[in-house]
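I have placed the structure first, in the form of structure tokens, so that the comments after it can refer back to it.
The values are calculated or read from the model by the stated rules, or taken from the named source; none is laboratory data. Keep in mind that what you see is a predicted model, and the values were worked out from it rather than measured. Please note: Cβ atoms are built from the backbone with ideal geometry, for glycine as well, and neighbour counts cover all protein chains shown.
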């Protein structure tokens with residue numbers, strides 16, 4: 001299956017980090033235009049690439065965190081988000097909940113409740129069982 | 001403030017509802033043994049991702065699941081030294097009587113104040129929803145209990161001091 005290489009080439013990781021930097025700039029510009037849902041979608045796309053490298057994971061997390069903290073209207077955001085993003089969003093919510101930082105945890109708890117109502121408990125279970133693609 | 005508590009408990013309730021999918025699984029290594037896999041952690045294929053849910057810097061909850069058992073560890077908010085001592089003593093009192101609770105663990109996991117161990121046998125004897133309700137109710141009540149204990153300690157201290165110092169008037 002593509003993407004399951006054990007050894008992470010240094011140049012590959014660098015390419016991913018550069019891509020994430022581009023993504024972060026795009027997210028910042030979208031947030032300035034108050035397009036929070038598009039910013040979140042951009043942040044969540046392509047996060048499965050090179051999931052073994054810690055730096056890539058941290059860089060992805062920083063981008064997603066920025067997008068999550070900018071969300072004010074949770075219901076509106078979830079109704080306009082495609083269902084295919086629910087699982088990956090749930091994974092990042094749990095990463096946010098494990099940080100212990102008060103504003104992050106507040107926001108993540110708020111989104112978690114609404115997301116569980118929409119996506120169901122299966123979404124949580126898919127996060128718990130997926131030990132391969134962790135974020 | 002109250003709303004974060006409600007959200008925190010809802011999150012824990014939903015996560016437990018999803019994670020409490022336990023079935024009987026005899027030990028793979030030793031014949032005729034049946035051990036809670038979450039305690040041994042010997043086979044990674046039997047374990048699910050552990051989850052840490054933090055409400056803030058002081059309160060958090062660790063949920064670890066495996067195929068036949070689930071471990072929930074709680075860290076309770078302790079605002080000052082007195083609450084620290086009261087929490088430790090009170091939860092130690094409960095943990096020592098873990099037999100009566102059935103799902104309580106005798107020693108909390110490192111870094112936490114109290115731990116629960118739920119096995120597939122508990123799920124067979126008791127209803128899953130009621131177990132989750134018990135854990136969430138426990139979390140709500142523990143804060144109230146610690147506040148009540150603190151207030152009674154302060155009240156008693158004040159009464160004792162008043163009575164004692166009366167003789168010097």
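Please determine whether any residue of the range B:148-163 is free of Cβ contacts under 8 Å to residues at least 60 places away in the same chain and surrounded by 13 or more Cβ atoms within 10 Å (Cβ to Cβ). There is no residue in the range B:148-163 that is free of Cβ contacts under 8 Å to residues at least 60 places away in the same chain and surrounded by 13 or more Cβ atoms within 10 Å (Cβ to Cβ).
Would the range B:28-44 turn up any residue that is farther than 24 Å from residue B:111 by Cα, out of contact with any helix residue (DSSP H, G or I) (no Cβ under 7 Å at 6 or more places or on another chain), within 11 Å of chain A (Cβ to nearest Cβ) and in a helix (DSSP H, G or I)? No: the range B:28-44 contains no residue that is farther than 24 Å from residue B:111 by Cα, out of contact with any helix residue (DSSP H, G or I) (no Cβ under 7 Å at 6 or more places or on another chain), within 11 Å of chain A (Cβ to nearest Cβ) and in a helix (DSSP H, G or I). Would you pick out the residues in the range A:31-63 that are surrounded by 14 or more Cβ atoms within 10 Å (Cβ to Cβ), assigned to a helix (DSSP H, G or I) and free of Cβ contacts under 8 Å to residues at least 40 places away in the same chain? A:31, A:38, A:39, A:42, A:43 - these are the residues of the range A:31-63 that are surrounded by 14 or more Cβ atoms within 10 Å (Cβ to Cβ), assigned to a helix (DSSP H, G or I) and free of Cβ contacts under 8 Å to residues at least 40 places away in the same chain. The number of residues in the range A:106-126 being more than 7 Å from every other protein chain (Cβ to nearest Cβ) and either within 21 Å of residue A:70 (Cβ to Cβ) or part of a helix (DSSP H, G or I) (or both) comes to 11.
Yes or no, residue by residue, for (1) in contact with a helix residue (DSSP H, G or I) (Cβ under 8 Å, 6 or more places away or on another chain); (2) outside any loop (DSSP other than H, G, I, E, B):
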position: B:111; (1), (2): no, no
position: B:124; (1), (2): no, yes
position: B:131; (1), (2): yes, yes
position: B:140; (1), (2): yes, yes
position: B:145; (1), (2): yes, yes
position: B:148; (1), (2): no, yes
position: B:159; (1), (2): no, yes
position: B:163; (1), (2): no, yes
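Listed conditions (1) under 25 Å from residue B:9 (Cβ atoms); (2) modelled with pLDDT of 95 or more are all met by residue B:159, apart from (1). Pairs are defined by a Cβ separation below 6 Å, a sequence spacing of at least 6 or placement on different chains, a first member in the range A:86-107 that is on the phi > 0 side of the Ramachandran plot, and a second member that is surrounded by 18 or more Cβ atoms within 10 Å (Cβ to Cβ); the pairs so defined are A:100/B:54. Would you mind stating whether residue B:78 is part of a loop (DSSP other than H, G, I, E, B), farther than 25 Å from residue B:22 by Cβ and over 12 Å from the mean Cα position of the chain (by Cα)? Yes; evaluated as a whole, the condition is true for this residue. The residues in the range A:109-135 that are in contact (Cβ under 8 Å) with a residue 40 or more places away in the chain and in contact with a strand residue (DSSP E or B) (Cβ under 9 Å, 6 or more places away or on another chain) can be counted, and the count is 1. Please tell me if residue A:122 is at negative phi and crowded, with 16+ Cβ neighbours inside 10 Å. The answer is no for residue A:122. The single condition among (1) more than 14 Å from the chain's Cα centre (by Cα); (2) within 27 Å of residue B:40 (Cβ to Cβ); (3) surrounded by fewer than 13 Cβ atoms within 10 Å (Cβ to Cβ) that residue B:106 does not satisfy is (1).
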